[in-house]
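Read the structure below first, then the notes.
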Amino acid sequence: MSTHASTTAAAVRLLGAPNSPRAFEIRDFLSRSVVAYQWIELDEASARALPGIQGLDDPNLPLCEFPDGTRLLGATVPDIAQRLGWVRTPRLRQYDVSIFGAGPAGLSAAVYAASEGLKTILVERQAIGGQAGNSSLIENYLGFPHGIGGADLAERARQQAVRFGAEILRLNHGVHTLFVDGCIQVDLADGTQLRARSNICATGITWRRLGLPGEDRLLGAGVFYGAGSSEAPMCAGETVYVVGGGNSAGQAAMHLSRYAKEVVMLVRGERLSDTLSDYLLRKIGSTHKIRVVSSAEITALAGDHRLQQITVRDRRDGREQSLPASHVFVCIGGLPRTEWAKDTAIVRDAAGYLVTGPDLMTEPGKYAQWPLERPPFHLESSVPGCFAAGDVRHDSIKRVASAVGEGAMAVAFVHRHLSTL
């Protein structure tokens, strides 16, 4: 049995089997939600010593213990969120603005909308923070000269939005969307319905996958997406692999180097400098525990209950090499979360991103599927009153600062739209 604890007093204790995908999902959620927790990794003997647990394969694991002494057997993320009081339904029949996605763009929109008196609701399907919440340290965001953790930044923004009166629904998302009578009407996954006079889509992107056999089976059991903040302490003494050459991969490598014996960055391109910000390039170059392998890609994953081996191909000559591996962190960009828009009149580009404002123009003076005489506002989609902000928007700048700015801008356009109703 081994123990890993957060730096502050633990709010919950989580006990489970090594390499448990369900336990990782909970740790990741708690970490990104800035909930202090203690992770207790069980062995067969310590598992059997627990009341009601027959061993590491017992379906009652993972087990979660709360500060009031209550226990949750067979814990899941929704169960824990329910116990923490985070699962709610919409309080109002109609809102001025609904915001989907609680990354930097959505949180910014919630802060500005609520602070300006709009009845505001923010819906997030996972943990607050979006992809930025996975970042161990954001170093180039204005006002934080020493950097700030993505989860910490998101939690501060959440508190700010709530203080101004925004309503936040976690672990929920839209499954069907209609635009009727000038309003957006969304059927949520929990069976409730949400109606608003305007909408801001800030659903961001989901991690792009390797697309290899066994990847889904090994998710959370050796294969991870993003920086893996909650998994990093479990990498002590190991060689771990980071796939990708962008800033998210560089940040992940720096964070993991605090724990692992060696961090190997597998980069498809020939030069890391082509895809990485200069400040990260210099930090990685001066960190002896990080090794960069260019023109490399993973072609196979192997392992039964957890990852045990990867196959890496040199893209220059096609040679392949099998390497022992227990931790691979995939940071190769993402795909937009816009599947909800497929049955609506909202225009998406070939990659699925939402097209807005001037980009809707098909020829001088004409906009794709635009029903009004006035032109669409800069961040407005092809449906009047429905705006897009942040990474989900076509041709957006993939930076935290620009997402925050777009969230604030979207609220300004919401005001202008509502004034015409």
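Every number here is computed from the coordinates shown, using simple stated rules; none is lab data. Since the model is a prediction, treat every value here as computed from it, not as a measurement. Positions of Cβ are generated from backbone atoms using ideal geometry, with glycine treated the same way; all protein chains shown enter the neighbour counts.
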Would you mind checking region 83-114 for residues with the amide N under 13 Å from a putative spin-label position 7 Å along Cα→C-beta of Gln160? 104-114
Suppose R0 equals 60 Å. What FRET efficiency, 1/(1 + (r/R0)^6) with r the Cβ-Cβ distance, do Thr311 and Arg93 give to the nearest 0.05? 0.60
Given 0.36 nm per residue, what is the gain on full extension from Ala368 to Gln193 after removing their alpha carbon distance, in nm? 60.1 nm
Any idea what log10 I(q)/I(0) is at q = 0.07, 0.08, 0.11 Å⁻¹ for the chain, Debye with uniform C-alpha scatterers and no solvent? -0.36, -0.48, -0.88
What fraction of the DSSP beta bridges in the chain is antiparallel, stated in percent and rounded to the nearest 5? 50
Quick calc of log₁₀ I(q)/I(0), region 215-330, Debye, one scatterer on every Cα, no solvent, q values 0.11 1/Å, result -0.32
If I model a spin label as a point 7 Å beyond the Cα along the Cα-Cβ vector, how far apart are those points for His415 and Leu73 in nm? 5.6
Debye calculation, C-alpha points only, no solvent: report log10 I(q)/I(0) for region 87-144 at q = 0.19, 0.20 Å⁻¹, in the same order as the q values. -0.75, -0.81
Per-residue ellipticity at 222 nm attributable to helices in the chain (runs of n ≥ 4 DSSP H, -39500 (n - 2.57) apiece, nearest 500 deg cm²/dmol) works out to -6500 deg cm²/dmol
Dimensions in Å of region 367-409 - Rg and Dmax from alpha carbons: 11.3, 34
Please report the spacing between the Cα centers of region 96-168 and region 238-308 in Å, no decimals. 28
Gyration tensor (Cα) of region 76-221, equivalent ellipsoid semi-axes in angstrom: 26, 22, 15
If you take all C-alpha pairs in region 285-415, what percent of them are over 27 Å apart? 46
Local electrostatic count, Leu92, Cβ distance below 15 Å [Lys/Arg +1, Asp/Glu -1]: +4
Roughly what angle does helix 21-32 make with the longest principal axis of the chain, taking Cα atoms, 0 to 90 degrees, to the nearest 10? 60
May I ask what percent, to the nearest 5, of DSSP beta bridges between residues of region 225-328 are antiparallel? 50
So what's the angle, to the nearest 10 degrees on a 0 to 90 scale, between helix 247-256 and the longest Cα principal axis of the chain? 30
What length, rounded to one decimal in nm, is gained on full extension from Ser46 through to Arg282, with 0.36 nm per residue of separation minus their alpha-carbon distance? 80.5 nm
